[in-house]
1. Let me cross-check Phe93: its accessible surface, 1.4 Å probe, with only protein heavy atoms counted, in Å² to the nearest 10?
2. Per 5 Å bin, what is the whole-percent P(r) computed from every C-alpha pair distance within the range 73-121?
3. How do Val58, Val179, Val125 stack up against each other in accessible area, from largest to smallest, with a 1.4 angstrom probe?
4. Using only the heavy atoms of the protein chains and a 1.4 Å probe, how would Thr259, Thr107, Thr224 rank by accessible area, largest first?
5. Once R0 is set to 41 Å, what does the formula 1/(1 + (r/R0)^6) return for the Cβ-Cβ distance between Arg78 and Leu292, expressed as a FRET efficiency to the nearest 0.05?
6. Please give the solvent-accessible surface of Glu21 in Å², to the nearest 10, using a probe radius of 1.4 Å with every protein chain present.
7. Distance in nm between label sites at Glu313 and Asp116, each 7 Å beyond Cα in the beta-carbon direction?
8. Quick check on the range 192-235: what does the Kirkwood estimate of hydrodynamic radius come out to from the alpha carbon pairs, in Å?
Amino acid sequence: MPFLPTAPVRIQPYLGYRNRERLHITARALRSRVGKFEKRSRWRAAKTMIGQFASHEVADMPVELEIARPGAPPQRHRGLTDAEGFVRFDIEFDSAWDYDEHPAWETVVFHWHTGDEDQCIDAHVLAPGDDTGLAVISDIDDTIIETGITGDFRKVMRNWRRVLMQMPEERIIVPGADVFYNALGGGEVLAEGAGHVGDRQPATHRPFFYVSSSPWNLFSYLVTYIRGAGLPLGPIALRDWGLDRATFGSSSHGAHKRTAIEGILGTFPDLKFALIGDDSQGDLTAFADIALANPGQVRAIFIRKVGETMSPEELNAKAQLRAAGVPLWLGNSYDTGHQFLASIGLLADDEATAIVDSVEASDPARK
């Protein structure tokens, strides 16, 4: 049964990315109103969050994506939303689209028609820079925030109050994540507001990508959280989420993350990546499989320890990474230490040294 059948049709753009040959971006057609994640009464907060899940997807709707390369007229590409309202653009360029010197957010525009009116909305695509050598792929769930929406059915039910009743600014960031991520990513924050197709904004000097088993319905919530926590913003790969065994099964979490990460690595074969996750959903084993399947492309793996003991699969993954020469950090905080950085050859990097100094300075246990 459709929810909010009289609400206006809008396009929810997601953050895209490109290399020199292809551009990837997704959007979703929804019949809903834009939720504002403001700290208000618990009832208003719950109403806002329920509204994120009670939207009605619009299928078979034509959507156009407008892009503009420097020195060339804008081009439009046509797509059609699927049964879940998604429209995915995977555009191959006629000729190479070079990077700027530094990473940048490039503005693209989605166009659609409702009633007698033409509608449009800006979206943003992340492009690395010519100076980009290292990028970062990070988990979200229990790595920077406890989302309370992943795991088995019992965990979801136990954490329903956190998901429905707390606004992004009320969520507690994993200690040290803001300092660590900002030192690792650095650079600028994507500004909000309207622009023009082809406009550019500086991005963090190390491109960031996020993967999560949370549903696409939480995209705006997570972007608001990332902005509010002062974390580097980057494209977020989420899941089409249903109330079924496939959604709640632990194996599906790892499969989704692996597919998303391998898609990013495949798009940027000339970049090396640092992978950041935690041990609550098998990130160590998934990351190890990815590193072994993509030799030389994974620069290091950071795993935040949430559990007390390591499973046989994790111990095997740790041994495989050691044998492959992929540096692995395991710890319950983001205090990396000079020794680990030295082991991966980053100690001479002034930025890497600054990571250690700033994280250690922010650690209350050292004061």
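The values are calculated or read from the model by the stated rules, or taken from the named source; none is laboratory data. Every value quoted in this text rests on a predicted model; they were computed, and no experiment measured them. Cβ atoms come from the backbone with ideal geometry, glycine included; neighbour counts cover every protein chain shown. Side chains are part of the model used for accessible areas, which takes the heavy atoms of the whole protein and leaves out ligands, DNA and RNA. Shrake-Rupley method; radii C 1.70, N 1.55, O 1.52, S 1.80 Å.
1. Probe radius 1.4 Å; accessible area of Phe93 about 20 Å².
2. 4, 11, 20, 25, 17, 12, 7, 4, 0
3. Working: Val58 20, Val179 40, Val125 0 Å².
My answer, sorted largest first, is Val179, Val58, Val125.
4. Working: Thr259 100, Thr107 5, Thr224 55 Å².
Putting Thr259, Thr107, Thr224 in descending order of accessible area: Thr259, Thr224, Thr107.
5. Working: r = 40 Å, r/R0 = 0.98.
It comes to 0.55.
6. Its accessible surface works out to 100 Å², give or take rounding.
7. Label-label distance for Glu313 and Asp116, simple model: 5.9 nm.
8. Numbers: mean 1/r = 0.0818 Å⁻¹.
One over the average 1/r among Cα pairs gives 12.2 Å for the range 192-235.
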